[in-house]
Ligand code: BEZ
């Protein structure tokens, strides 16, 4: 890592202080009693639209459960549809920070878009909570005191599936993904776990994001005849792949596995084509805890929708912010105390209790799940308290 990539606590505080004077950033300029300005930069169109909505709903549910306030202050929302388009990411994030003067920037889903947010968060010092995008760099080489994640790294849910499959005697696997950071990192994570346990990835297939044209790839898979296929897809791409897989006659012949995004939030839409698919993820619908039961009930009652992993991550972004602002009684000027409170928070999540790693990414259990009817049913814990390696992070 080069020196100027290292973004320590001192640099953060210096940047933030400079921002207060030079760029008149909002988080330092606003008087207590004014509304907290919350920026939501998420996809509301495109193949990840449903994910953006679930995150928004989850975040707002956590705030509602806290009396509709953060640290005793009312909230004003500023919302941007980032369209899962990395080319617009820095402009969109910059608008929220400089034009709308948000105190905290919540976003996003797509790893490429997240890189634009991270750039603006590092430059401005604005508090940033990432409720989904798994890009390793956000809590790796580009980690920073003001950057937090309440979801996962792309490596995290994929890595344990390697051992699960190898332990079943599966030896030859083909991988398939959208070709961008999230897919590449998920496949690398799976490969690391699988090869360590004795398996071989015989072919790595991909298609450009956000294409859903799977036909020729499925024909190629049928001709390779691997023991299993491991994939990274999410949102509507998961629905299309699972339906095409069945239509191509592969269901029941070759095992289809993936990071749990493949089957999360789509079971109503996909029908019985998903039955039996096994995935690994940090959440499962039927987790038997009072917290999960209450969350699912409240979410369904409020939004007339079933929650999924994205709703949980948005909810936990809300819970994390509630914890931070409670510690400073809504005073965003107490940046150091705010960050310490967020770093040490124990989040009582529907997924199970989790804590922050030094790099600001959840340390959490990864579950093995199986689609049974309309549920991602938890079959067991594939890896207990898994922390991302946070390669390149010099913080903490
Ligand atoms: C990502 O781009 O990081 C991502 C998108 C959807 C689900 C999971 C990860």
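If residue 94 satisfies every condition in (1) without any contact (Cβ under 8 Å) to a residue 40 or more places away in the chain; (2) surrounded by 18 or more Cβ atoms within 10 Å (Cβ to Cβ); (3) outside the structural domain of residue 209 (by TED's automatic domain parsing); (4) more than 16 Å from the ligand (Cβ to nearest atom) but one, which is the exception?
Here residue 94 meets the rest and fails (2).
Mind telling me which of the residues 162, 235, 189 ends up being within 25 Å of residue 351 (Cα to Cα) and more than 16 Å from the ligand (Cβ to nearest atom)?
Every option except 162 fails the conditions.
Here is a yes/no grid of residues against (1) outside any strand (DSSP E or B); (2) within 21 Å of the chain's Cα centre (by Cα); (3) loosely packed, with under 15 Cβ neighbours inside 10 Å; (4) away from the ligand (no atom under 16 Å from the Cβ):
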| site | (1), (2), (3), (4) |
| --- | --- |
| 239 | yes, yes, no, no |
| 245 | yes, no, no, yes |
| 256 | no, no, no, yes |
| 293 | yes, no, yes, yes |
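Among the numbered criteria (1) surrounded by fewer than 21 Cβ atoms within 10 Å (Cβ to Cβ); (2) over 22 Å from residue 40 (Cα atoms), which one does residue 333 miss?
(2)
Of the conditions (1) in a helix (DSSP H, G or I); (2) under 24 Å from residue 343 (Cβ atoms); (3) within 16 Å of the ligand (Cβ to nearest atom), residue 53 clears all except one; give me its number.
All conditions pass for residue 53, except number (2).
For the structure I just gave you, tell me whether residue 258 is under 16 Å from residue 378 (Cα atoms) and in the same structural domain as residue 165 (by TED's automatic domain parsing).
Answer is yes for this residue.
I'd like the residue in region 375-393 that is closer than 22 Å to residue 290 by Cβ and in contact (Cβ under 8 Å) with a residue 24 or more places away in the chain and, out of all such residues, is surrounded by the most Cβ atoms within 10 Å (Cβ to Cβ).
Checking each candidate, the answer is 376.
Residue 328 - would you say it is touching a residue at least 40 places away in the same chain (Cβ under 8 Å) and not assigned by TED's automatic domain parsing to the domain that holds residue 134?
Considered against the rule, which asks whether it is touching a residue at least 40 places away in the same chain (Cβ under 8 Å) and not assigned by TED's automatic domain parsing to the domain that holds residue 134, residue 328 comes out as no.
Could you pull out the residue among 109, 113, 118, 126 that is out of contact with any strand residue (DSSP E or B) (no Cβ under 7 Å at 6 or more places or on another chain) and either closer than 28 Å to residue 192 by Cα or away from the ligand (no atom under 15 Å from the Cβ) (or both)?
113
In contact with a helix residue (DSSP H, G or I) (Cβ under 9 Å, 6 or more places away or on another chain), within 16 Å of the ligand (Cβ to nearest atom) and in a helix (DSSP H, G or I) - does that describe any residue in region 78-86?
Yes, region 78-86 has at least one match.
The values are calculated or read from the model by the stated rules, or taken from the named source; none is laboratory data. Since we're looking at a predicted model, the values are computed, not measured. In this analysis, Cβ positions are derived from the backbone assuming ideal geometry, glycine residues included, and neighbour counts consider all displayed protein chains.
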